[in-house]
Structures are given as structure tokens and as C-alpha cells.
Amino acid sequence: MKPGSSLTLDELARLCQGPWQRDSHAVAPSGFAELDANLPGGGWPMGALAELMPETLGIGELSVLMPALSRLARAGRYSAWIAPPYLPYAPALVQQELPLKFILIIQTRSLQESLWAAEQALRCAAFGAVLSWPAGIADKNVRRLQLAAEAGGSLGILYRPTDAAREHSPAALRLRLRPSAKGLAVHIHKCRGGRGGVNLQLPLHTLAPANQIHAVAVHPFSAARA
């Protein structure tokens, strides 16, 4: 398997049959002090599902995860990217200290395949985080993914449109994201075990040199469709 390569569903199933050790950590520090201070345990919830609802693509919805994904990679855990809307921009990921060999892109042909792949990866101890961009998802499917994350002990990330905030969701954490002059404005829409309704400002410019914020850190995708 090549670093940063795409996986078929069969390859994903074989990978998850390996003798992987589950991570016992309850949280993955986000790398942002203000965000961690408002999340139970001080970081992204492991063994749970988090929904990120960006106002539009390319505002930092990936950059906000980079410190946590980098830390998980250093611990030997993969991150699965299920049918991302754009191909990851490799130089940006390397710059943010995320080794490409720990990123596995899983291409799917339908929502059903995406949901199956996300559920399998969440249950698999090889993965520290699973990122997914479902075109549309029902409450029952979110619940299945939440249960899969609990079983596997990994961090599940669902990228959803802001309209999804009007719907009920069993996800443990729900954040609305929009661009701001300081970087990224975050509204904690729901936080199990914590406080909802909190507004934060995250300085994403701290993640990359100033002259590369817009080209790299804020939008680490290439222009090519996946």
C-alpha cells in the first residue's frame, strides 16, 4: 500500500483484520487552547462522532483537525478519508506534520458504500480518525456511525452542510464553522457533557507561515475532483 494511496473496500476490510491495539485515550487534544477548554476532557472526543458544519468549503474545516491528526499519526494511527470532495493537497499536509503514509483515501461510488466504509473504519483499531463527507445522511445512519465510533474508540468526523444544524443528531459534538478576520469562527451547537451555544475564534494562521495561509492551511485540497 503506497503512502497516501486510495483503498478499495476490500483492502479496507483486509486492513482491519490486522492485530491492532486499541487506543484508550478519551480525547485527542485539538491543538487550540480555547477549543480544548470548552470540550469535555480537553479535546476532540475519541470513541465518538463529531459533526463539522462549515459555511462553505475551504474556510479551514480541515486545518482545524490537523494538530489532532498529526498527533494520532505519531502514535501510529491512520486517518481514513471517505470520499473527500477534492483530492488532498499533499504539500500542505506534510507542512502541517501529517505524514502521508498515515492518510488512507477510500473512494466510493454511492452513499451506501460511503456509510459502510465509514462504519468499518470507525470500528477498526487501525484508525485514529475517520473523516467522511456524506452527500445526505439520515438520523439512523448517524446513530450507526456513533455506535461504531464507540466500539472502535476512534474519532469520527462528519462534514455536513450548515442546514443540518436544524436537524436532530445523535453525534456527541456538533460545531458550526464560518470564516472570520482572525481565522475561523466556531459555534458549539451541541456538546455532550459540555456547554452548547459557545462561540470561539480560532487563529488558523498559527498553523502555517503567513504567506501560505490561503493557499495551504485554509484550503488543503487540490483543484482536482476525487
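The values are calculated or read from the model by the stated rules, or taken from the named source; none is laboratory data. Computed from a predicted structure; not experimentally measured. All Cβ positions, even for glycine, are placed from backbone atoms using ideal geometry, and neighbour counts span all protein chains on display. Only protein heavy atoms, including side chains, enter the accessible area calculation; ligands, DNA and RNA are left aside. Shrake-Rupley method; radii C 1.70, N 1.55, O 1.52, S 1.80 Å.
Numbers below:
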read-out: Equivalent ellipsoid semi-axes - Cα gyration tensor, region 119-208, angstrom; value: 24, 17, 13
read-out: Solvent-accessible area, 1.4 Å probe, carbon plus sulfur percent, for region 69-155; value: 54 percent
read-out: Karplus 3J(HN,Hα) series, Hz, for region 156-170 with 6.51 cos²θ - 1.76 cosθ + 1.60 (x for Gly, Pro); value: x, 10, 10, 8, 10, x, 4, 4, 5, 5, 6, 9, 5, 8, x
read-out: R0 of 45 Å, Cβ-Cβ distance ALA33-ARG109: FRET efficiency to nearest 0.05; value: 0.65
read-out: Residues of region 74-185: accessible area per residue with a 1.4 Å probe, Å²; value: 41 Å²
read-out: Spin-label pair GLU97/SER180, simplified geometry with 7 Å Cα→Cβ offset, distance in nm; value: 2.4 nm
read-out: Cα-based Rg / Dmax (Å) for region 140-190; value: 12.6, 39
read-out: Distance histogram for region 57-114 (every C-alpha pair counted, 10 angstrom bins, percent rounded to whole numbers); value: 21, 53, 24, 2
read-out: Region 64-166: relative contact order as a whole-number percent, Cα under 8 Å and 6+ apart; value: 29 percent
